[in-house]
Amino acid sequence: MVEATKTTQLPATRANAGLGSTDALLLLMTLVWGANFTAIKYSIEDMLPLSFNGLRFAVASVVVLVAALATGHNLKVAKGDGWRLFGLGLFANTFYQSVFIIGMSHTRAGNAALILATTPLVTAVIGRLLKQEYFTPRGVFGLVFAFGGIVLIILDGHKEVSVGETILGDCLLVASTLFWSIYTVGSKRLIDTYGSMKTTAIMMTTGTPVLLLVCAPSLLRQDWSRVRPIAWAGLIYSALFAIALAYIIWNHAVRKIGSTRTAIYSNVTPVVAMLVAWPALGEVPTLGQIVGAVVIFIGIYLVRGGMVATAPAVIEEELEEAALCPGKN
């Protein structure tokens, strides 16, 4: 037990509730992802979606592997963990990326944004079911607030939303959200053990070859002679920053602040995309969208202090014991 001073100390399970460098990295990641929408737009004008996806992951995997080896990491893991990393690599790279890119092409922009905004909620539920994380009322309010902010941005931005007309694409995006949430929660122990760089390198280099098999027919059909330099630039940006760098930051954050606290930052991406579209496309944000952005950040703040790695009852017990027995270690 931690020795209590004049001010009762919180147990380690809640020690990382404050904002810090990890949050700054996650905000950088959302900036990268927000700009990535423009990069993808230019690239898939010349490339088939699966060709683009397969090639950018191949480039990203090589970069992450080289970076891991160059910084002194090896690829050795304990018996049994190799298969777990391979399985998670399939969830993050093969399953998620395949159904995501196909789902996006079979639904409306508004539907996609709303479905993807549920990622933190799904992550929180899976983390709770696996007894990895627990949420206090503050955490629940934060998750609902952040989702409500997304709804305001989408509906006030006049993005098309439909019910029933795009069932195939919507179901695929629901599946992609589930795959990504399982990956995020499932990777926590392995990231804690091996670190974000090594874990990312192994999962990408084992999952990407299977993704390339899925993308092979599209890669063979692709007319590479018609791909413009701007499309190649978009692919390189997406590979180096939106995949390689972002995956490392995401896994680092899962290790430092937990699955749900990390996942909630995915709801900042529409805010960044909205701000990028302002000068680039002349799309001035509406009052409702600005309010939505503020609501999202309030939600993030609430979630950051409302998720714990130990059951709330255990925390209360620890605090009680610390207050009653200040001399115990």
Inset, instruction - Identify, from the list Arg226, Arg221, Arg255, the residue that is modelled with pLDDT of 85 or more, of a type outside the set (Gly, Ala, Ser) and within 29 Å of Phe145 (Cα to Cα). - result: Arg255
Inset, instruction - Starting from the stretch 113-139, keep only residues that are closer than 20 Å to Gly149 by Cα and without any contact (Cβ under 8 Å) to a residue 60 or more places away in the chain, then list their pairs with residues that are part of a loop (DSSP other than H, G, I, E, B) and among the β-branched types (Val, Ile, Thr) whose Cβ atoms are within a distance under 9 Å, requiring at least 6 positions of separation or different chains. - result: Leu114/Val161
Inset, instruction - Determine whether the stretch 54-61 contains at least one residue that is surrounded by 17 or more Cβ atoms within 10 Å (Cβ to Cβ), of a type in the set (Val, Ile, Thr) and closer than 23 Å to Leu240 by Cα. - result: yes
Legend entry - Boolean, Val254 is more than 22 Å from Leu85 (Cα to Cα) and under 17 Å from the mean Cα position of the chain (by Cα): no
Legend entry - Only one of Thr94, Thr177, Thr123, Thr107 that is open to solvent by less than 30 Å² (accessible area, probe 1.4 Å) and not in a helix (DSSP H, G or I): Thr107
Inset, instruction - Look at the stretch 250-266 and say how many of its residues are part of a helix (DSSP H, G or I) and out of contact with any Ser or Thr (no Cβ under 8 Å at 6 or more places or on another chain). - result: 2
Legend entry - Verdict on Arg56 being touching an Asp or Glu at 6+ places or on another chain (Cβ under 6 Å) and charged (D, E, K, R): no
Legend entry - Qualifying positions in the stretch 66-91 - open to solvent by less than 50 Å² (accessible area, probe 1.4 Å) and assigned to a helix (DSSP H, G or I): Ala67, Ala68, Asp81, Gly82, Leu85, Gly87, Leu88, Gly89, Leu90
Legend entry - the stretch 203-251, subset hydroxyl-bearing (Ser, Thr, Tyr) and surrounded by 21 or more Cβ atoms within 10 Å (Cβ to Cβ), residue farthest from the chain's Cα centre (by Cα): Thr206
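The values are calculated or read from the model by the stated rules, or taken from the named source; none is laboratory data. Source: prediction; values computed, not measured. Because the Cβ atoms are built from the backbone with ideal geometry, glycine has one as well, and the counts that use them run over all protein chains shown. These accessible areas exclude ligands, DNA and RNA; they are computed on the full protein's heavy atoms, side chains included. Shrake-Rupley method; radii C 1.70, N 1.55, O 1.52, S 1.80 Å.
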